[in-house]
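Read the structure below first, then the notes.
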Amino acid sequence: MSTSARVRADACPGVFATHDAADGPLARIRLPGGAISAAQFRALADAADDLGDGALHLTSRGNVQLRGVTRPGLAGRLVAAGLLPSPSHERVRNILASPLSETAQKLARELDEALCAVPELAELPGRFLFAFDGGQGDVAGEGADVCWRDGAVLLAGEDTGLRVTAGQAVETLLAVARAFLRTRGTAWRIGELADVEPLLSGIPGETTEPRRFEVNPGLPIGPIGDAIGVAPVFGRLTSAQARAIAKAGNAVVTPWRSILVLGPLAPDTGLITDPDAPSLGISACIGQPGCAKSLADVRADAARVGRAPRAHFAGCERRCGKPAREHVDVLATGDGYLVDGAYVPVGELARTLAEKGTQ
């Protein structure tokens, strides 16, 4: 663990505190566990059309962003759809859950309700992240501050040796969050603390030798029993695609910018359903023209690459939306890119990334 002094205010966007992007205000809507009903998906599609740029943008924490929200009324729509149960807590409802685990999804719902019932926890930083991993090792590797992994309690991705039951999981994660608020100083994340032992003080449970868990991030793309895993290109879901998913039934938005659709999806939606699709391994920030800080139209450049290893294209050094797991870093310079730190002209990106995939 390392220490870090935060001198800037926490500026994580939400519904009431939007981010002023080059293409207009950006609003982030939290989806605890990623779960979203068909009616809620339709409500977001309508909001994107009526108030924003006509699309839903999936995030690396399983949330949804609306861009270009220049017209009023979003909060009222979200309240009516059940997507804003506690305005005071809306930026701290950051909860990941294994999409394919009923236990993890249930615990995410319970934590969300309990979190919103504790007034002081509304003061958590907007980047603080909870997670429930059903044992698959999927969300445990996504950089959560505190994660329950099928009994094990992890802090900043590291096993603490503390073991608690599913029945104790919600209160354990809340206890860690309360302790973090008392001891955090200027830190936004648990990983910034020099000592995490005080966060576990007094928490009941069994203790054992900490172990290193394997992680297996990602949602299978394609049929999964009666459901299907799909992915929109670069995490951009058009309102028409959102309505097609809503017509199929409820869904779970994942931190890998994919969606578990819990019903029969109509064909020809434009969503990726082939697990071998070349673009599945590539992610990108919004880039130009949506972001004034970006040095390139990274999505256009990424779209021309074709098959590549897991890579993230970023328009500036902030590297917005980068995945937590290992990937090739592709950073715009204005006249080309730095690929894992080495300069590459735009015209050589496809060849360079293809070579990376064979190493």
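Please name all residue pairs, on different chains or six or more residues apart, with Cβ atoms under 7 Å, provided the first residue is in the range 1-30 and is assigned by TED's automatic domain parsing to the domain that holds GLU123 and under 19 Å from ARG236 (Cα atoms) and the second residue is aliphatic (A, V, I, L, M) and at pLDDT 90 or above. Close Cβ pairs satisfying both conditions: none exist.
Among residues of the range 260-291 being touching a helix residue (DSSP H, G or I) at 6+ places or on another chain (Cβ under 8 Å) and of a type in the set (Ser, Thr, Tyr), the one that is surrounded by the fewest Cβ atoms within 10 Å (Cβ to Cβ) is SER279.
What tally of residues in the range 292-331 results from selecting those that are over 19 Å from the mean Cα position of the chain (by Cα), closer than 19 Å to LEU26 by Cα and surrounded by fewer than 20 Cβ atoms within 10 Å (Cβ to Cβ)? Number of matching residues: 4. Which of (1) in contact with a helix residue (DSSP H, G or I) (Cβ under 8 Å, 6 or more places away or on another chain); (2) modelled with pLDDT of 95 or more does VAL233 not meet, given it meets every other one? Answer for VAL233: the failing condition is (2).
Residue check: THR172 meets all listed conditions (1) under 16 Å from LEU129 (Cα atoms); (2) in contact (Cβ under 8 Å) with a residue 40 or more places away in the chain but one, namely (2). Suppose the filter is in contact with a strand residue (DSSP E or B) (Cβ under 8 Å, 6 or more places away or on another chain) and either outside any loop (DSSP other than H, G, I, E, B) or charged (D, E, K, R) (or both); does ARG61 pass it? So ARG61 fits the description; yes. Of the residues ARG189, ARG163, ARG257, the single one that is closer than 21 Å to LEU56 by Cα, surrounded by 15 or more Cβ atoms within 10 Å (Cβ to Cβ), touching a residue at least 24 places away in the same chain (Cβ under 8 Å) and among the basic types (Lys, Arg) is ARG257.
Of the strands (runs of 3 or more DSSP E) lying entirely inside the range 64-153, the ones with 1 or more residues being in contact with a Phe, Trp or Tyr (Cβ under 9 Å, 6 or more places away or on another chain) are found at 95-97, 130-133, 146-149.
The values are calculated or read from the model by the stated rules, or taken from the named source; none is laboratory data. What you see is a predicted model, and the numbers here were worked out from it, not measured in a lab. With ideal geometry, Cβ positions are generated from the backbone for all residues, glycine too; neighbour counts draw on all protein chains shown.
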